[in-house]
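*Asks:* One structure, pasted below without further comment.
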Amino acid sequence: MTYTSFHPTPRTLMGPGPSDVHPRVLAAMAQPTIGHLDPEFIGVMDDIKSLLRYAFQTKNALTVPLSAPGSAGMEAAFCNLLEPGDKVIVCINGVFGMRQAENVRRMGGELVTVEDDWGTQVDPEKLRAALKANPDTKVVSFVHAETSTGVCSDVATLCGIAQEAGALTIVDSVTALGGIELAVDDWGADVVYSGTQKCLSCPPGISLITFSEAAAEQVKSRNTAVQSWFLDLSLLMAYWEGDGARSYHHTAPVNAMYGLHEALLMLHEEGLENAWQRHRSQHASLVNGLEGIGLEFVVDAAYRLPQLNVVQSPDGVSEADIRKQLLAEFNLEIGAGLGVFAGKVWRIGLMGYAARSENVQLCVSGLRHCLA
Ligand SMILES: *Cc1c(COP(=O)(O)O)cnc(C)c1O
């Protein structure tokens, strides 16, 4: 048996993630590895924390990356806020809401679910009613940008309702950050987590998380230890927040952090509003192109995500065969449907560096060719 180096065929990534990585991010990651407690690396960590506050639009001191993918951000949010027996309302309108519910179950929380149909928003009135019926609710959670359905929910309204009822909020913004508006402080969200591989033009592998003062207080006043040693915020803090000298917690993925640093720097250079506008305008031209070849969008335009487009696959067409052909002939990856949408739709991502004109043109002409 002989082995050779692996050289992937360059693809255009327009699925639900990972999305196209910017060449500047890849170049940043190829720089020499230095020690994770090297003063130069600590400088990079400090930049990352402050650039993250810009990206999340927050002043929260507790705003850090976690050395594991977006799912670890989800787990960190729940395991730090919850103690066994705590009541949690999870609003479910797709796969990632279901995963939030699974986190609550596994952590011994008392789960109440509020369900909405796939392809629709979380209904604020249902949350209001659930809180009325469950006044002892400690935490409300929901997904801002449901990647499984392409739906954007109203974070400000949902957080306002939770806050009125005295509950903390956990918001999944993995697919939102950098692609659509996210204003953690103005919207009163308590714990918000995200990831690198969706709208930040960065490879997968890192999660980003922010805790409000109220959420941080909650963590400090726990009666029981956080069940996860690795994701226990109070331990991570000594690593990320220590003044000058940091204490060893785990070895940060140094080169991945170079990549995150470059990606956040690029978002800062572009400006949040411009990044959101770019996603909106590329979405508009994708809609134009795909409707022009007779395809239909599934989600109502009023709450459709510009960065994740759910498109009906036409009758009599195997959606999987078309995806295979796009990959083989155009090196273009788009996503399949999940759950109730499996076999019926494509999920076309316009996330981060993937949200640009040449990608839209490639996708439209590729689909036109394969469907002809
Ligand atoms: C992708 C995604 C996650 C999980 O992120 P990973 O990096 O795949 O672990 C969680 N929530 C939402 C809404 C996502 O789109």
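*Asks:* Take the residues of segment 143-167 that are β-branched (Val, Ile, Thr) and part of a loop (DSSP other than H, G, I, E, B): which is nearest to residue 15 (Cα to Cα)?
*Replies:* Here is the first cut: in segment 143-167, the residues β-branched (Val, Ile, Thr) are 143, 147, 149, 151, 155, 157, 161.
Right, trim to part of a loop (DSSP other than H, G, I, E, B) and you get 147, 149.
Numbers: 147: 10, 149: 13 Å.
Among residues in segment 143-167 that are β-branched (Val, Ile, Thr) and part of a loop (DSSP other than H, G, I, E, B), the one nearest to residue 15 (Cα to Cα) is 147.
*Asks:* Also: Taking residue 28 as meeting all but one of (1) part of a loop (DSSP other than H, G, I, E, B); (2) closer than 24 Å to residue 260 by Cβ; (3) modelled with pLDDT of 95 or more, write down the number of the exception.
*Replies:* With respect to (1) part of a loop (DSSP other than H, G, I, E, B); (2) closer than 24 Å to residue 260 by Cβ; (3) modelled with pLDDT of 95 or more, residue 28 is out only on (1).
*Asks:* Let me ask you something else. Please verify whether segment 258-267 includes one or more residues that are among the aromatic types (Phe, Trp, Tyr) and within 25 Å of residue 39 (Cβ to Cβ). Walk me through it before giving the result.
*Replies:* Let us first name the residues in segment 258-267 that are among the aromatic types (Phe, Trp, Tyr), namely 258.
Narrowing the set further to residues that are within 25 Å of residue 39 (Cβ to Cβ) leaves 258.
Yes, the conditions are met somewhere in segment 258-267.
*Asks:* Being of a type in the set (D, E, K, R) and within 23 Å of residue 48 (Cβ to Cβ) narrows it down to one of 136, 172, so name that one.
*Replies:* On the way: 136 fails: within 23 Å of residue 48 (Cβ to Cβ).
Sole residue among the options that is of a type in the set (D, E, K, R) and within 23 Å of residue 48 (Cβ to Cβ): 172.
*Asks:* May I ask you to verify whether residue 90 is in contact (Cβ under 8 Å) with a residue 12 or more places away in the chain and under 16 Å from residue 190 (Cβ atoms)? Working first, answer last.
*Replies:* Working: in contact (Cβ under 8 Å) with a residue 12 or more places away in the chain: yes; under 16 Å from residue 190 (Cβ atoms): yes.
Spelling it out, residue 90 is indeed in contact (Cβ under 8 Å) with a residue 12 or more places away in the chain and under 16 Å from residue 190 (Cβ atoms).
*Asks:* While we're here: List every residue pair whose Cβ atoms lie under 6 Å apart, where the two residues are 6 or more positions apart in sequence or sit on different chains, the first residue falls within segment 150-163 and is farther than 18 Å from residue 279 by Cα, and the second residue, located anywhere, is at pLDDT 95 or above and of a type in the set (Lys, Arg).
*Replies:* Note: pairs meeting the criteria are 161/128.
*Asks:* Moving to a separate point now. Check 127, 111 and return the single one that is away from the ligand (no atom under 16 Å from the Cβ), assigned by TED's automatic domain parsing to the domain that holds residue 82, at pLDDT 95 or above and outside any helix (DSSP H, G or I). Break it down into steps so the answer makes sense when it comes.
*Replies:* Values: 127 fails: outside any helix (DSSP H, G or I).
Within the list 127, 111, the selection yields 111.
*Asks:* Oh, and also: Which of the following residues is within 16 Å of the ligand (Cβ to nearest atom), over 17 Å from residue 197 (Cα atoms) and open to solvent by less than 10 Å² (accessible area, probe 1.4 Å): 141, 148?
*Replies:* On the way: 148 fails: over 17 Å from residue 197 (Cα atoms).
Only one candidate qualifies: 141.
*Asks:* Checking the conditions here, which among 80, 103 is away from the ligand (no atom under 16 Å from the Cβ), part of a helix (DSSP H, G or I), in the same structural domain as residue 179 (by TED's automatic domain parsing) and under 20 Å from the mean Cα position of the chain (by Cα)?
*Replies:* Values: 103 fails: away from the ligand (no atom under 16 Å from the Cβ).
Just one listed residue meets the conditions, 80.
*Asks:* Please tell me if residue 30 is more than 15 Å from the ligand (Cβ to nearest atom), of a type in the set (A, V, I, L, M), farther than 30 Å from residue 129 by Cα and open to solvent by 60 Å² or more (accessible area, probe 1.4 Å).
*Replies:* Details: more than 15 Å from the ligand (Cβ to nearest atom): yes; of a type in the set (A, V, I, L, M): yes; farther than 30 Å from residue 129 by Cα: yes; open to solvent by 60 Å² or more (accessible area, probe 1.4 Å): yes.
Considered against the rule, which asks whether it is more than 15 Å from the ligand (Cβ to nearest atom), of a type in the set (A, V, I, L, M), farther than 30 Å from residue 129 by Cα and open to solvent by 60 Å² or more (accessible area, probe 1.4 Å), residue 30 comes out as yes.
*Asks:* Still on this model: Has segment 205-215 got any residue that is in contact (Cβ under 8 Å) with a residue 12 or more places away in the chain, among the hydroxyl-bearing types (Ser, Thr, Tyr), surrounded by fewer than 18 Cβ atoms within 10 Å (Cβ to Cβ) and within 19 Å of residue 69 (Cβ to Cβ)?
*Replies:* Residues of segment 205-215 that are in contact (Cβ under 8 Å) with a residue 12 or more places away in the chain, as a first pass: 205-215.
Subset that is among the hydroxyl-bearing types (Ser, Thr, Tyr): 207, 210, 212.
Next, from what is left, pick out any that are surrounded by fewer than 18 Cβ atoms within 10 Å (Cβ to Cβ): none.
So far as segment 205-215 goes, no, none of its residues is in contact (Cβ under 8 Å) with a residue 12 or more places away in the chain, among the hydroxyl-bearing types (Ser, Thr, Tyr), surrounded by fewer than 18 Cβ atoms within 10 Å (Cβ to Cβ) and within 19 Å of residue 69 (Cβ to Cβ).
*Asks:* Further question: Scanning segment 216-254 for residues that are among the β-branched types (Val, Ile, Thr) and either open to solvent by 40 Å² or more (accessible area, probe 1.4 Å) or within 21 Å of the chain's Cα centre (by Cα) (or both), which turns out nearest to residue 34 (Cα to Cα)? Steps first, answer last, please.
*Replies:* Let us first name the residues in segment 216-254 that are among the β-branched types (Val, Ile, Thr), namely 219, 224, 226, 251, 254.
Among the residues that remain, those that are also either open to solvent by 40 Å² or more (accessible area, probe 1.4 Å) or within 21 Å of the chain's Cα centre (by Cα) (or both) are: 224, 251.
Details: 224: 37, 251: 11 Å.
If we take residues in segment 216-254 being among the β-branched types (Val, Ile, Thr) and either open to solvent by 40 Å² or more (accessible area, probe 1.4 Å) or within 21 Å of the chain's Cα centre (by Cα) (or both), then 251 is nearest to residue 34 (Cα to Cα).
*Asks:* Restricting attention to segment 51-73, report how many residues are within 15 Å of residue 262 (Cβ to Cβ) and either part of a helix (DSSP H, G or I) or more than 16 Å from the ligand (Cβ to nearest atom) (or both).
*Replies:* Taking segment 51-73 and keeping what is within 15 Å of residue 262 (Cβ to Cβ), we get 51-52, 54-55, 65.
Imposing the further condition that a residue be either part of a helix (DSSP H, G or I) or more than 16 Å from the ligand (Cβ to nearest atom) (or both) reduces the set to 51-52, 54-55.
Summing the residues that are within 15 Å of residue 262 (Cβ to Cβ) and either part of a helix (DSSP H, G or I) or more than 16 Å from the ligand (Cβ to nearest atom) (or both) in segment 51-73 gives 4.
*Asks:* Residue check, residue 340 against (1) at pLDDT 95 or above; (2) β-branched (Val, Ile, Thr); (3) more than 20 Å from the chain's Cα centre (by Cα), all met but one. Which one?
*Replies:* (1)
*Asks:* Scan segment 158-181 for residues that are touching a Phe, Trp or Tyr at 6+ places or on another chain (Cβ under 9 Å) and among the polar types (S, T, N, Q) and jot them down.
*Replies:* Those that are touching a Phe, Trp or Tyr at 6+ places or on another chain (Cβ under 9 Å) and among the polar types (S, T, N, Q): 169, 173, 175.
*Asks:* Return a yes/no flag: does segment 38-48 have any residue that is under 20 Å from the mean Cα position of the chain (by Cα), in the same structural domain as residue 176 (by TED's automatic domain parsing) and either open to solvent by less than 20 Å² (accessible area, probe 1.4 Å) or within 15 Å of the ligand (Cβ to nearest atom) (or both).
*Replies:* If we filter segment 38-48 for residues that are under 20 Å from the mean Cα position of the chain (by Cα), which is where we start, we get 48.
In the following step, the residues that additionally are in the same structural domain as residue 176 (by TED's automatic domain parsing) were identified as 48.
Still in the list and also either open to solvent by less than 20 Å² (accessible area, probe 1.4 Å) or within 15 Å of the ligand (Cβ to nearest atom) (or both): 48.
Looking through segment 38-48, at least one residue is under 20 Å from the mean Cα position of the chain (by Cα), in the same structural domain as residue 176 (by TED's automatic domain parsing) and either open to solvent by less than 20 Å² (accessible area, probe 1.4 Å) or within 15 Å of the ligand (Cβ to nearest atom) (or both).
*Asks:* Considering every residue within segment 321-336, establish whether at least one is outside any helix (DSSP H, G or I), without any contact (Cβ under 8 Å) to a residue 40 or more places away in the chain and either among the charged types (D, E, K, R) or not assigned by TED's automatic domain parsing to the domain that holds residue 174 (or both).
*Replies:* Yes.
*Asks:* Moving on. Provide a single number: the residues in segment 151-204 that are within 12 Å of the ligand (Cβ to nearest atom), open to solvent by 10 Å² or more (accessible area, probe 1.4 Å) and not β-branched (Val, Ile, Thr).
*Replies:* Step one: list which residues in segment 151-204 are within 12 Å of the ligand (Cβ to nearest atom), which gives 151-153, 170-177, 179, 192-200, 202-204.
With the extra rule that they be open to solvent by 10 Å² or more (accessible area, probe 1.4 Å), the set shrinks to 152, 174, 197-198, 203-204.
Now drop any that are not not β-branched (Val, Ile, Thr), which leaves 152, 197-198, 203-204.
Total satisfying the criteria: 5.
The values are calculated or read from the model by the stated rules, or taken from the named source; none is laboratory data. Bear in mind the structure is a predicted one, so any value in this text is a computation, not a measurement. Glycine gets a Cβ as well: all are built from the backbone with ideal geometry, and neighbour counts include every protein chain shown. These accessible areas exclude ligands, DNA and RNA; they are computed on the full protein's heavy atoms, side chains included. Shrake-Rupley method; radii C 1.70, N 1.55, O 1.52, S 1.80 Å.
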